[in-house]
Structures are given as structure tokens and as C-alpha cells.
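Inspection log for the structure reproduced underneath, given as C-alpha cells.
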Amino acid sequence: MRRFLLLCQFIAPLLSTALYLGTASTISLEAKKLSAGAETGKPLAMSSNDSTNEESGDDQKSAGKIEKLKQREATLARLLAEVRLEKLATLRSRPLTIGVVGFGRFGQFIARTFSKHGRVVVTSRSDYTDIANGMGVKYVPLSDPSAFLSEGLDVVVFAVSILSFEKTIQDFAPHFHKYVSHLNGQPGPLVVDVLSVKEHPRQVLLELLPKECDILCTHPMFGPDSGKNGWQGLTFVYERTRIDGVILDPAYERSFHQLTQEESGTADEMAGSFVELGSGKIHTVHENSEAHVEGMDRMERFLSIWEEEGCRMVALSCANHDAYAANSQFITHLMGRILGSQGLHSTPIDTKGFESVLKLMGNTMADSFDLFYGLYKYNQNSAETIRKLKVALDDVVDNLQKMEQNDNSSPLWGKNGTQNTNEKETGKNHQENLVSHL
Ligand code: NAP
């Protein structure tokens, strides 16, 4: 559906441009006639002497020539529109070739699904030839990035650890530069990251990749555990970061959803429009740039894979993602790790709540510690989340202690499980015991 709507979006402007040029030529001829009079400084009706007749004849000749040129221009625009449509249709009929860099736990998980939608080539530090063969995808060693890029990749997805991302891109960057330099001005591959933090990869990709590579920053908010039965209803966050060298302004929130009709132009331009970083210029899917139209189309085709798999698509700036994620995803991993380090395990009397706790521990501990550390180190909001959690723990314990201070009754057991006879003394001991353990 997304693809069909996009095709309609492309056809309409191309044809209307051609039609506009045809109509404009007639209008401009009339304007030319009027302005000819204005330029000579004489009223149009004043043609009584010979020199005026000559001038008027020259004007008519030149107007006739302009009219012919405009008609040719309109014909060429129509032809160009037809060629572009045919080119897009040809591109669409060919499935995407997707490269995945980092064929670990998550890389394998997404590559398996990508292989249902297109050709997949993977590369990784470790040798995954057997797993790749079993999945029906091609494996190329990471030691040979040029061989990987020369596989005719439309999209390159980086699924390496957060910690190794910058170094991996640094190593790849010269190969991308060399690769696009041989493309004679044609756009390079679309580069996508799937890191669980977003500001960091956004900055690295913008800084190190050649401008011929479009950039899409994404975070599938699920993994091999939560997505083992399919991706239906699972959240997929993305920011269209750069298309055809134009960087989207992440501060302009409405770019991520929809500009208003007043902002973007026509009603059908609203969906694909965004505001350029720096200049504030509004770009639409109807740009008079083939690279923009093709880049946008390729990005939409890649996003369609997630959409077709049933993901809940959320367009969001990388900055906002990190702010939300610190207080949702990071705190989940943090609690899972804290609970995991207590050595909790199932008992014969587990409540539903405790079953959820064990599940949380299992899910978070299954991810690598590198991933957890990456969430902490590369999300500038994570330290604040830890600080708030510590304050909250202190507050809760303070409340318990205050209540206990005002409480005259106390349990019958004492320290070390011995029975107490003095209730007041036991309450005090109990509190001291609690405090000394914090
Ligand atoms: P991870 O521990 O974060 O990353 C493992 C991957 O990174 C492997 O492919 C590994 O390659 C590669 N790698 C590690 N150190 C490397 C280095 N120094 N140089 C080159 N490659 C290196 O575990 P993961 O779960 O597979 O996550 C991969 C990415 O997906 C991360 O960025 C993570 O944030 C993101 N993500 C994960 C999940 C999830 O649920 N797990 C969900 C959404 C997004 P080798 O295997 O070849 O050693």
C-alpha cells in the first residue's frame, strides 16, 4: 500500500509539471505580447509609422520562437516524466539487495526476515559461513569491505554492537568513498543503522559517510526473544536522516509526521515533506531531483519490509528516541540486570508478578553485556535515569523507616530468628538491622 501511494505521489507531479509547461507557454506568449509594448514604452495600439511596424514584427518573430521553444520544452518534460516513471517501475520490479554488517544475534534475526523480501548479503568479524548458508544468504568476510560493497547493494544495514559501531564505520568509510567515486554521480547505497541508541550513530554516519549515501536511522524496539513469533504489532522507530544530501531538521517535530498543507504546498505533498536543517527549506517528495525521488522511493521500499511484517511504524527524531528510551528501554535493562544479580529463581509458590520479574530477568540477561553497556555509555540520558532510580530507592526506604519509627508493634521474631519478649526493643533492632544492610 505504501509503495502504491508513493507511486501515485510520483506520477502526479511529473505529469502536472509537463502539463504546466504546456499551459504556461500559452500564458507566457500573452504576457510576452503585453510586455513587448511595455518595454518599448509605447502603447500596444500605437503602430502608425514604419519603424514601429518593424519593431512589432521583430517582437512577433521572437515571441513565436519562444512559443516554439516552450512547446519543445513541454514535449521534453513529458518525455522525461515518462522515462523517469519507467525507470522507477523497473527499479521497483527488482527486489532490493540488502547487505547486513554484523551477523550476530540481532543481525541474524533481521537477515532471516529480509531474505523473504530480497537478496541478502552479510558480513561479520566472525566466520558465519555455515549459518549464512543455512539461511540461504551470502557471507563475505568483514576483512574485505570492498568485496562486500561490490555485491550491488541497494541498502547496507549496520547491526554491529553499539560499542564497535564508530570504529566499524571508520573502517568502512574509505571503501564507501571509493565505491561512490566510481558511480558517475549516481547515488550510493542507502545506509541504515539499527542501534538501540540513536543520537550517536546519527552523528557518526553524518560525519563519516560520503554525501552520496542516504541515511536512515532506525531502532526496532524488539529482538530475537520478543520477535520470535513474528513482528506483528511490534514498534519500529525511524528517522529519515538524509536524502540526496539534504539533512532533515530534527528540531522540526512536524517533519516526522506531516507538514500542514500550508507549509508543504499541495495536499498530496504533505506526507513526504520535511524541513532542511540549517536553511529551513521545505523539501517534498515532488522535488525536481531524480536522486531525491529515487532516494525517497528506496527508503520507502526498505521501510515497507517492516510495515509488511506488521510493525507499528513510529517516525521520531533520534534525540527524542534517546530521551524516551532512557526511561523505558534502559531502565528495563537496568532493573533486569539488578534483579538478575540477586540470583532470584523460580519457587513453588510464584505469583504472576514474580513470573514477570523472572521473564524480565531472562530477556535482559540474554542480551550481551556490551549491548547493556552501550545503552548506558551512548545515551546521554542514561546516567540521569540511574541517579533518579537511586533517589527513588532511598525515598522508598526512607518511607519504610519513618513508618517503622512510629510503629510500636513489632514481629515476634528477633535478629537471627530468635524469639523476642521485649516488643519495643525488637522494633528498634529490626530497624537498625535494615539500615545496616543498606
Ligand atoms: P551486540 O553484542 O550488541 O552486537 C553483536 C554484533 O556486533 C555481532 O555481529 C558482532 O560481530 C559485532 N561486533 C562486536 N564487536 C565488534 C567489533 N569490535 N568489530 C566488529 N564487529 C563487532 O548484540 P546484538 O544483540 O547482536 O546487537 C547488535 C545491534 O543491534 C546492536 O547495535 C544493538 O543495539 C541492536 N539491536 C539489538 C536488539 C536486540 O534485541 N538484541 C534490538 C534492537 C537493536 P561478530 O558476531 O562477528 O563477532
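For segment 104-171, the Cβ-based charge dipole about the Cα centre amounts to some 280 debye (Lys, Arg positive; Asp, Glu negative; other atoms uncharged). Of K87/K211; K281/K388; K116/K167, which sit over 32 Å apart, Cα to Cα? Among K87/K211; K281/K388; K116/K167, the Cα-Cα distance tops 32 Å for K281/K388.
Taking a quarter of the surface of the Cα convex hull of segment 328-400 gives a mean projected area of 5.8 nm².
Under a 5 Å amide H cut-off, with hydrogens placed 1.01 Å from N, S124 pairs with G102, V140, L142 among residues at least 5 apart or on other chains. Could you list which residues have their amide H under 5 Å from that of C311, counting only those 5 or more apart in sequence or on another chain, with H placed in the peptide plane? Those lying under 5 Å, H to H, from C311 are G233.
How big is the gap, in Å, between the Cα center of segment 139-200 and the Cα center of segment 327-405? One Cα centre to the other: 35 Å. Placing unit charges on the Cβ atoms only, positive for Lys and Arg and negative for Asp and Glu, gives segment 193-314 a dipole magnitude near 420 debye about its Cα centre.
We did not get these values from a lab; they are worked out from the coordinates using the rules stated. What you see is a predicted model, and the numbers here were worked out from it, not measured in a lab. With ideal geometry, Cβ positions are generated from the backbone for all residues, glycine too; neighbour counts draw on all protein chains shown.
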